[in-house]
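One structure is given here, and the rest of the page talks about it.
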Amino acid sequence: MSCLQTIQDYGLRSLGYGERLLPRDGFTLCEQFTLIGSGMIWNVYFGVVALLTGFFFATALGVGKASANPWFRKPAEWFIFIFRGSPLFIQFFFGYFLFLSLKSEYAFFAPFTAAWLGALIVLFLNTAAYSGEIFYGALQSIPKGDVEAADAYGLSGWSRFRRVIWPTSLRLAWPAYTNEAIFLFHATTLVFFSGFPAWQQRGDALYYASYFADKTFNPFVPYPILAGYFILLTLCIIGVFGLINSRLNRHLPQAQRRKIRLRPNLIR
């Protein structure tokens, strides 16, 4: 079988298109690159959707935690504390069995036991908690002069928040938020590794890398391939977020612009 034929057969295997059965022996590099790359579709899906939706929830959490009103501050504090204080692996595990229990009582929750929705919700909540803490710290770091200048111009309430406070806090938080985005995409490898099953062997990149490692008893080929894909994905994230960072800081002199530095989270 040629490499082109392999790509045609297994390129969208993780989505259920192409060959139904996985190769069982005589694995080629092309098959491993193709299937692991096919699984990356799920990792990108989980990361992009959780990041986009979590951004808005994180904004609300950050503002809520900075609020003087205890009815907004306390729920935000406890939500952030719980999701930052427990391992993501355990959150996946409990999330899956929670949805499984609800499914037995209410048919509405049946789709939540599938990874495409249930695991996405767990990732959404987790990244919102971490990002909310980042945004809260940025809100606390806004220079006092910026707020006083807004008051001097007669801005107050929503107008001051939209024009001064939020853009400034976003600019301050963006480098740290970039690292959170990188970690989120790396954390997507835990989806099928924890509680959520891979239906009909439609898994993510780590699922297929583990499959080849188990079949060949040689983890030194599929796992480096997996790492290579994630390195490329990380470079793309840094590039996109770097462009946004430049946009956020376009009004500042070149010497005062905050540059994005990659600081991996070794433990979480």
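The values are calculated or read from the model by the stated rules, or taken from the named source; none is laboratory data. As the structure is a prediction and not an experimental result, all values here were calculated from the model. For neighbour counting, all protein chains shown are included, and Cβ atoms are generated from backbone atoms with ideal geometry for every residue, glycine included. Note: accessible area is taken over every heavy atom of the protein model, side chains too, but ligands, DNA and RNA are not part of it. Shrake-Rupley method; radii C 1.70, N 1.55, O 1.52, S 1.80 Å.
Quick notes
- Fully extending the segment from residue 19 to residue 100 would add 26.2 nm, taking 0.36 nm per residue of separation and subtracting the current Cα-Cα distance.
- Separation in nanometres of the label points that stand 7 Å from Cα toward Cβ, at residue 200 and residue 141: 4.8
- Ellipticity at 222 nm from helices only: DSSP H runs of n ≥ 4 in the chain, each -39500 (n - 2.57), divided by the residue count, give -22000 deg cm²/dmol.
- Set against the labelled values [x] 190; [y] 161; [z] 213, volume of the Cα convex hull per residue in Å³ computed from this structure falls on [y].
- Heavy-atom accessible surface of residue 159, to the nearest 10 Å², is about 40 Å², with a 1.4 Å probe and all protein chains retained.
- Remark: segment 11-138 carries a charge dipole of roughly 260 debye about the Cα centre, counting +1 on each Lys and Arg Cβ and -1 on each Asp and Glu Cβ.
- Mean Cα-pair separation over length for the chain, i.e. relative contact order, pairs under 8 Å, 6 or more apart, %: 25
- Note on the chain: GNM, Cα springs under 10 Å; of 249, 126, 43, the largest mean-square fluctuation is that of 249.
- In this structure the chain gives 56 Å² per residue of accessible area when probed at 1.4 Å with all protein chains present.
- Electrostatic tally near residue 47: other residues with Cβ closer than 14 Å to its Cβ, Lys and Arg +1, Asp and Glu -1, net -2.
- Loop trypsin sites (Lys or Arg not before Pro), segment 170-257 (other Cβ atoms within 10 Å of the site Cβ: 14 or fewer; DSSP): 250, 257
- Dipole axis of the chain (+1 Lys, Arg; -1 Asp, Glu on Cβ), positive-most option in 59, 5, 179: 59
- Accessible area of the chain belonging to carbon and sulfur atoms, whole % at 1.4 Å probe: 66
- A 1.4 Å probe over all protein chains sorts 9, 214, 151 by accessible area into 214, 151, 9, starting with the largest.
- Angle of helix 166-187 to the longest C-alpha principal axis of the chain, folded into 0 to 90 degrees and rounded to 10: 20°.
- When the charge dipole of the chain is built from unit charges on Cβ atoms (+1 for Lys and Arg, -1 for Asp and Glu) and taken about the Cα centre, the candidate among 71, 129, 89 whose Cα reaches farthest toward its positive end is 71.
- Loop-located trypsin sites (Lys or Arg not before Pro) in segment 1-88 whose Cβ has at most 10 other Cβ within 10 Å (DSSP): 20, 24
- Applying a 4.7 Å Cβ-Cβ cutoff to the chain leaves 236 as cysteine residues with no disulfide-compatible partner.
- Where labels lie 7 Å past Cα in the beta-carbon direction, separation of residue 251 and residue 49 in nm: 3.6
- Using a Förster distance of 25 Å, the FRET efficiency for residue 110-residue 78 (Cβ separation, nearest 0.05): 0.25
- Listed residue (140, 235, 29) projecting farthest to the positive dipole end of the chain, Cβ model: 140
- Only Lys, Arg, Asp and Glu carry charge here, each on its Cβ (+1 for the first two, -1 for the last two); on that basis the chain has a dipole of about 900 debye about its Cα centre.
- Residue-count net charge about residue 215 - beta-carbon cut-off 13 Å; Lys, Arg +1, Asp, Glu -1: -2
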